[in-house]
Amino acid sequence: MGRPPKAQVIAAGDEAGEKPALTRTLERGLILLTLVAKGGGRSLIDISREAGMSPSTALRLLETLRVHHFVEKDVETGLYRTAIGAFEVGSSYVRQNGLSESARIVLRKISVELGQTANLAILDRSDIVYIERLEADGPLGTRGRWGERLPAHSTAAGKAILAWSWESRCDEILGPAPYAQPTVNTIVDRDRLMRHLRTTRERGYARDDEESVLGLRCIAAPVLDREGRPQAAISISMLAMNKESAQEAVIAETVRVAAQRLAGMVGWQHQPLSSSRVDSHSVFMD
């Protein structure tokens, strides 16, 4: 088996992939911004404790972030939360990525067609981040938040990306087992997860049976680039009560077609996903 193609974008380091020298103050500020973004409001003590720095140091950094509109402080409660500057910078990723506008067209179509919530997710380190979400109307529609982050191995979207990646890449993404366990149904053993991903690849779509959130099921398919590499995933979220096999087959086919359509719209046209096709890029070949 040949080596997979190298990624065209280096997320960290220089062009040779070497680890760069870090600016400690900037790094600390970004750590605090990430911690503030975790909740709807966090205290200085809570933030500084989790960041492993003194409250006085955290306060100076948070004040700098506040002046530049990345965080704001509630004058009554003293809690910090993210501000408009963080949203503007974060949302620029979606705009520049080129997926957002096309994805909304595709997600709207399948959300209306299936009567379920449709999502677009990308991989960030070992997590899946939902960058677009179209919620279905009605009592059966599920709810979630834009920008939500969940462990990749526990979600259908994450498993769709992992199943179309090299096994060594999966290990690099996930790190050592046992993996995080959001629910009692989450697969935390490496060998079991790899077998599960092989089955996912052969089936042609990924499934999450209450593995990230109890009471919620998801079905997903990867959005592949011209080289067959997964760049994102489209998923449908539904209540766990919807377990009819016939319904799952319809949803899975709809999601596979939607992922293929999105790939074509952004210029990543690739061969259609198929449960019977395993090509040379597959990580899970015998």
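The values are calculated or read from the model by the stated rules, or taken from the named source; none is laboratory data. Bear in mind that the values here come from a model prediction, so they are computed numbers and not experimental data. We place every Cβ from the backbone using ideal geometry, glycine too, and count neighbours over all the protein chains shown.
A few comments on the model shown:
- Search result, residues across the stretch 186-221 that are of a type outside the set (Gly, Ala, Ser), outside any strand (DSSP E or B), touching a helix residue (DSSP H, G or I) at 6+ places or on another chain (Cβ under 6 Å) and under 25 Å from VAL257 (Cα atoms): LEU197, THR200, ARG201, TYR205, GLU211
- Any hit, the stretch 262-271, residues being modelled with pLDDT under 95, in contact with a helix residue (DSSP H, G or I) (Cβ under 6 Å, 6 or more places away or on another chain) and closer than 20 Å to GLN116 by Cα: yes
- Whichever residue in the stretch 222-266 is assigned to a strand (DSSP E or B) and of a type in the set (Ser, Thr, Tyr) and, among such residues, is farthest from the chain's Cα centre (by Cα): SER237
- Qualifying positions in the stretch 64-89 - assigned to a helix (DSSP H, G or I) and in contact with a strand residue (DSSP E or B) (Cβ under 9 Å, 6 or more places away or on another chain): LEU65, ARG66, ILE84, GLY85, ALA86
Listed here are the residues, each with its yes/no results for (1) exposed (fewer than 15 other Cβ atoms within 10 Å of the Cβ); (2) at pLDDT 95 or above.
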site: ARG190; (1), (2): no, yes
site: LEU197; (1), (2): no, yes
site: ARG217; (1), (2): no, no
site: PRO230; (1), (2): no, no
site: GLN247; (1), (2): yes, no
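Yes or no, residue by residue, for (1) surrounded by fewer than 16 Cβ atoms within 10 Å (Cβ to Cβ); (2) among the polar types (S, T, N, Q); (3) at pLDDT 90 or above; (4) not in a helix (DSSP H, G or I):
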site	(1), (2), (3), (4)
LEU123	no, no, yes, yes
TYR130	no, no, yes, yes
ALA136	no, no, no, yes
ARG145	yes, no, no, yes
SER165	no, yes, yes, yes
GLU172	yes, no, yes, no
VAL184	yes, no, yes, yes
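For every residue, the table says whether it meets (1) under 23 Å from the mean Cα position of the chain (by Cα); (2) surrounded by fewer than 11 Cβ atoms within 10 Å (Cβ to Cβ).
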residue: ASP46; (1), (2): no, no
residue: ALA58; (1), (2): no, no
residue: LEU65; (1), (2): no, no
residue: HIS68; (1), (2): no, no
residue: GLU72; (1), (2): no, no
residue: VAL75; (1), (2): no, yes
residue: GLY78; (1), (2): no, no
residue: PHE87; (1), (2): yes, no
